[in-house]
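A.B. asks: Pasting a structure below so you can have a look.
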Amino acid sequence: MTSAHTVSPKFWQAAIGEIEHELASTAAGLGSAEAARRLVRCGPNLIESRRRLSLPRKFVGRFGNPLVLILLIAAAISAASGELAAFIIITTIVLISAILDTAQEFRAESAAERLKSSVALTEQVLRDGSEITLPGQDLVPGDVVLLAAGDLVPADGRILESRDFFVNEALLTGESFPSEKHSADEGISSPALADAVNAVFMGSSVMNGTARVMICATGRRTELGQIGAMLRRAPPPTALEQGTHRFGMLIVRLTQVLVLFVLLVNLLFHRPLLESFLFAVALAVGLTPELLPMIVSVTLARGAIRMSRAQVIVKRLAAIHDLGSMDVLCTDKTGTLTEARIRLVQQVSASGADFPRVGELAWLNSHFQSGLRSPLDTAIMEGPLPAAAGWTKLDEVPFDFQRRRVSVLVERDGRHLLVTKGAPEDVIRAASRYEEPDDPAPRAFDERARVLAVATFGRLSEQGFRALAVAWREFEPGRSQAVLEDEQQLTFAGFAVFLDPPKAGAASAIAALGAKGVAIKILSGDDERVTKHVCGELGIAATGVLTGPEIAGLSDEALAARLGEANLFCRVTPAQKNRVILALKRRGHVVGYLGDGVNDAPALHSADVGISVDSAVDVAKDAADIILLKQDLGVLQHGVVEGRRAFGNIMKYIMMATSSNFGNMFSMAGASLLLPFLPMLPVQVLLNNVLYDFSELPIPLDEVDDAATAQPEHWDMRFIRDFMLVLGPVSSLFDFLTFGLLLLVFHASEGLFQTGWFIESLATQVLVIFVLRTWENPFRSRPHPLLAVTSCSVVAAAVLLPFTPLGAWFGFVAPSAPFLLAIAALAAAYLLLAQTVKFMFHRLRSPADTRAAATLRSHLPLIERS
């Protein structure tokens with residue numbers, strides 16, 4: 001035993017006794033006290049630490065921003081040159097901005113983490129000899145965990161016991177087919193991971209069976225942790241990240257041009273170098289939407305909190321934005337469109353006659369299969385207990401999605417029987433004989449009989465019933481193992497028939513999602529006739545049907561061409577579900593996928609928004625971005641609205657940053673060319689920027705008009721650019737009118753000019769939020785009270801500041817009453833014209849054309865990557 005309670009990295013090569021000795025553990029697991037000590041020593045079972053930075057670290061991190069560094073350098077230069085006032089003002093403004101940004105983002109992250117932890121994956125662990133449930137990150141070497149189909153393997157470990165245990169290790173070995181695992185007292189001679197049939201590894205998923213595993217390595221000491229640097233590479237950017245990046249690059253280009261222009265002009269006019277430099281930096285800060293990260297974080301976190309009240313938990317904040325942008329939702333039928341309370345209602349032969357023997361055989365199969373039981377298995381087991389006592393299980397051929405069936409080998413009184421249950425098409429194909437209740441002797445399953453069986457299945461499907469086919473094969477005594485090749489020459493018994501009625505609220509939820517611009521596509525493993533029947537009862541018109549065999553024969557290009565017409569995809573495998581989703585994304589759609597099973601994990605990974613339920617298997621919950629605590633499409637509609645509300649509030653800030661804010665900064669650059677002095681001192685520009693930012697802090701709390709949540713919205717840089725080029729000049733126009741008023745009417749001195757323009761520019765920048773926050777009449781769309789209070793308070797502070805002793809610090813002088821009234825009139829005229837121009841701009845831009853173009857442009861990077 002080593003002091004760290006660790007084992008050799010190639011632990012699968014050691015004997016199990018050696019493993020238990022080195023870990024100081026047994027098959028009964030660890031005691032709680034010892035496990036707690038090991039957790040402190042070994043750390044949490046995480047590949048990468050996801051602990052958030054502390055508040056001080058976040059605050060310090062704000063000073064890594066290049067613009068902030070430039071400001072601090074400027075402050076240091078000011079102090080060195082004796083400009084103490086400039087040093088104090090710049091430093092104070094930078095600190096206030098960093099504090100506000102850090103505090104808001106920290107609160108947003110805290111709220112998001114609390115929600116995410118509520119749906120964290122848990123494990124069944126033996127502690128103190130009893131089975132308990134623990135978070136996966138609390139596992140330590142020496143723990144014994146119990147695994148079953150649908151679980152994620154939480155750490156590397158040695159198998160102590162197993163039963164029909166199959167694991168998908170594609171993440172580590174690249175092998176797409178599940179690998180059978182079993183216990184072994186002795187080690188495996190091969191050091192290769194793929195040969196370690198007596199061990200399991202973090203990142204794998206259990207496809208079938210059960211096992212008891214002793215944990216040998218956790219966290220970064222696992223095989224997955226060893227290659228973690230490669231696996232921790234950033235995932236492809238989300239739609240939100242792409243949009244904010246493109247917007248940021250637009251602002252960077254504008255800032256570079258403006259700053260270089262201002263520096264050149266001031267140098268040509270031989271103005272003081274330090275003052276010119278500070279003024280150019282202040283302009284850059286004024287143009288930079290430094291609050292955008294905070295606005296995004298707080299808006300999304302607020303959306304996550306609101307969604308949690310509707311029993312929707314968000315694991316990835318950006319998924320809220322993607323959910324709002326979603327225009328196609330792919331979902332399975334069972335449990336989403338139906339009640340998922342499946343009942344076994346009939347047991348019929350190939351001809352459709354009542355045949356109780358089908359129920360007996362189905363019960364044997366469902367009772368003895370070791371994989372994850374489906375709702376159909378549960379319905380079989382809940383029915384009356386058939387006369388099937390005395391059978392014992394010998395072996396099993398587990399279910400997979402290629403064969404679509406499962407077989408168990410059972411024995412009673414020396415009789416060995418293989419019972420197969422699965423998709424009717426596949427079981428019928430594997431049968432060579434069939435039986436009917438009026439004749440116990442099996443008959444040849446000729447073409448006429450096959451046509452009869454298929455017709456019976458078709459009739460049941462058209463009536464809305466689901467069916468499983470059941471068949472059997474008898475083997476000679478002494479047979480103790482079953483293999484894949486045994487599933488042939490079967491005797492077809494008949495169909496187990498189930499009823500799963502449509503969910504009461506599904507029709508209204510689908511209609512509501514459709515009204516919000518979200519198309520529903522059904523991806524089901526069921527027969528197309530069953531799916532059509534259910535959809536018909538829910539009012540979903542089948543615009544086109546594609547089946548799994550048809551999809552298998554289509555190239556990716558051909559499949560993409562068929563997606564526009566098809567909304568029902570039936571008898572599809574997990575790989576085909578994934579193909580459909582990827583094809584939809586290539587066509588420019590934002591795709592959501594709702595699933596809860598092992599077979600849904602690939603589609604959940606590939607979708608823009610993976611959605612699962614709290615009762616789903618671990619593999620599905622881990623892959624999902626959003627967890628529904630209530631499996632209901634109605635709560636999804638609420639989530640879609642929240643996503644669009646979040647996007648709407650983000651766009652409010654962007655519209656302001658690219659219109660009035662840009663216009664004022666542009667005017668400032670132009671004024672430096674015309675005036676013999678700086679139009680505003682650098683510290684005044686910075687103060688203007690801080691007050692403006694403070695007024696916009698409540699934007700995440702603001703309500704969004706119903707019209708803004710009616711359809712999916714996407715990032716459209718052309719729209720943002722055009723809006724800036726239209727509204728920006730309006731702001732600049734009134735700035736230059738202010739210049740004329742100050743110089744020609746009031747004959748303002750340098751100090752009075754800077755004071756007047758400070759008040760006018762801040763008032764127009766701040767108050768225009770009441771115009772730009774809605775496309776409707778501003779008087780009909782009420783802002784959040786806090787937004788109204790902060791905006792009006794900032795404007796009042798700008799007006800009152802020149803009359804205070806602090807105003808002199810900033811270089812302000814007290815203006816006269818007529819002077820203030822004239823500025824107020826100009827600000828009112830600007831708001832009126834801004835409303836008029838905004839209304840005309842919105843009317844000229846066709847909403848339908850705008851959305852279509854935006855969808856295509858926002859997804860070009862995704863299309864190119866694909």
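The values are calculated or read from the model by the stated rules, or taken from the named source; none is laboratory data. Predicted, not measured: the structure shown is a model, and the values here were computed from it. Please note: Cβ atoms are built from the backbone with ideal geometry, for glycine as well, and neighbour counts cover all protein chains shown. The area values use the complete protein model at the heavy-atom level, side chains included, leaving out ligands, DNA and RNA. Shrake-Rupley method; radii C 1.70, N 1.55, O 1.52, S 1.80 Å.
A.B. asks: For the chain, what is the accessible area per residue in Å², given a 1.4 Å probe and the full set of protein chains?
C.D. replies: Ligands and nucleic acids excluded, the result is 41 Å² per residue.
A.B. asks: What is the distance in Å between the Cα centres of the range 301-344 and the range 476-536?
C.D. replies: Spelled out, the Cα-based centre of one part sits 21 Å from the other.
A.B. asks: Now, a different point. So for His747, His416, His589, His182, what's the accessible-area order with a 1.4 Å probe, most first?
C.D. replies: Sorted descending by solvent-accessible area, the residues read His747, His182, His589, His416.
A.B. asks: Another question about this same structure. Ordering Cys535, Cys42 by how much accessible area each has at a 1.4 Å probe, largest first, what is the list?
C.D. replies: Of Cys535, Cys42, the descending order of accessible area is Cys42, Cys535.
A.B. asks: Calculate the dipole size of the range 525-596 relative to its Cα centre from +1 charges on Lys and Arg beta carbons and -1 charges on Asp and Glu beta carbons; express the result in debye to the nearest 20. Write down the numbers at each step before the final one.
C.D. replies: On the way: 9 positive and 9 negative charges, 46 e Å.
The dipole of the range 525-596 has a size of about 220 debye.
A.B. asks: Using Cα atoms only, what is the angle between the long axis of helix 66-80 and the major principal axis of the chain, expressed in degrees (0 to 90) to the nearest 10?
C.D. replies: Relative to the chain, helix 66-80 is tipped by roughly 30 degrees.
A.B. asks: Based on Cβ point charges of +1 for Lys and Arg and -1 for Asp and Glu, what charge dipole magnitude is obtained for the range 673-807 about its Cα centre, in debye rounded to the nearest 20?
C.D. replies: 260 debye
A.B. asks: Is it possible to state the helix-based mean residue ellipticity at 222 nm for the chain, with each DSSP H run of 4+ residues giving -39500 (n - 2.57), the sum divided by total residues, to the nearest 500 deg cm²/dmol? What is it?
C.D. replies: Rounded to the nearest 500, it is -15500 deg cm²/dmol.
A.B. asks: Now, a different point. Taking the chain as the reference, fit the longest principal axis to its C-alpha atoms, fit the long axis of helix 660-674 to the helix C-alpha atoms, and give the angle between the two in degrees, 0 to 90, nearest 10.
C.D. replies: Helix 660-674 sits roughly 30 degrees off the main axis of the chain.
A.B. asks: Let me ask another. Determine the percent antiparallel among the DSSP beta bridges restricted to the chain, to the nearest 5. Show your work: numbers first, answer last.
C.D. replies: On the way: 71 of 94 bridges.
Bridges in the chain are about 75 percent antiparallel.
A.B. asks: Glu474 versus Val789, label points 7 Å from Cα toward the beta carbon: distance in nm?
C.D. replies: 8.4 nm
A.B. asks: If each residue of separation counts as 0.36 nm, what is the full-extension length gain between Leu821 and His245 once their alpha-carbon separation is subtracted?
C.D. replies: 203.2 nm
A.B. asks: Next question, about the same structure. Taking the Cα centre of the chain as the origin and placing charges on Cβ (Lys, Arg +1; Asp, Glu -1), which of Trp363, His589, Ala657 is farthest toward the positive end of the dipole?
C.D. replies: Positive-end residue among those listed: Ala657.
A.B. asks: A follow-up question, please. How much accessible surface does Asp632 have with a 1.4 Å probe, in Å² rounded to 10?
C.D. replies: Approximately 40 Å² for this residue.
A.B. asks: Calculated from the structure, semi-axes √(5λ) of the Cα gyration tensor in Å equals which of (i) 55, 32, 29; (ii) 48, 42, 25; (iii) 65, 33, 20?
C.D. replies: Here semi-axes √(5λ) of the Cα gyration tensor in Å agrees with entry (iii).
A.B. asks: Here is a further query. Taking the Cα centre of the chain as origin, work out the dipole magnitude from +1 charges on Lys and Arg Cβ and -1 charges on Asp and Glu Cβ, in debye rounded to 20.
C.D. replies: Charge dipole of the chain: 2240 debye, to the nearest 20.
A.B. asks: Would you mind checking the tilt of helix 32-42 against the longest principal axis of the Cα atoms of the chain, expressed as 0 to 90 degrees and rounded to 10?
C.D. replies: Tilt of helix 32-42: around 50 degrees.
A.B. asks: Residue farthest toward the positive end of the dipole of the chain, with Cβ of Lys/Arg at +1 and Asp/Glu at -1: which of Leu468, Leu673, His714?
C.D. replies: Leu673
A.B. asks: Between the range 600-644 and the range 745-817, what is the separation of their alpha carbon centroids in Å?
C.D. replies: Between the Cα centres of the range 600-644 and the range 745-817 lies a distance of 45 Å.
A.B. asks: At 7 Å along the Cα-to-beta-carbon direction for both Leu674 and Arg721, put a label point, then send me their distance in nm to one decimal.
C.D. replies: Each label point is offset 7 Å from its Cα along the Cβ direction, giving 2.8 nm.
A.B. asks: Of Lys333/Lys503; Lys333/Lys532; Lys315/Lys630; Lys315/Lys577; Lys516/Lys630, which ones are farther than 19 Å apart at the Cα? Don't skip to the end; give the middle numbers.
C.D. replies: Working: Lys333/Lys503 10 Å; Lys333/Lys532 11 Å; Lys315/Lys630 16 Å; Lys315/Lys577 23 Å; Lys516/Lys630 21 Å.
Violating the 19 Å limit, Cα to Cα: Lys315/Lys577; Lys516/Lys630.
A.B. asks: Let me ask something additional. If each residue of separation counts as 0.36 nm, what is the full-extension length gain between Gln835 and Val483 once their alpha-carbon separation is subtracted?
C.D. replies: 119.2 nm
A.B. asks: Rg/Rh for the range 446-522 to two decimals, with Rh computed the Kirkwood way over all alpha-carbon pairs.
C.D. replies: Radius of gyration over Kirkwood radius for the range 446-522 works out to 1.22.
A.B. asks: Note the full-extension length gain between Ile132 and Arg415 as 0.36 nm times their separation in residues minus their Cα-Cα distance, in nm to one decimal.
C.D. replies: Details: separation 283, 0.36 × 283 = 101.88 nm, distance 4.02 nm.
Going from the current span to full extension adds 97.9 nm.
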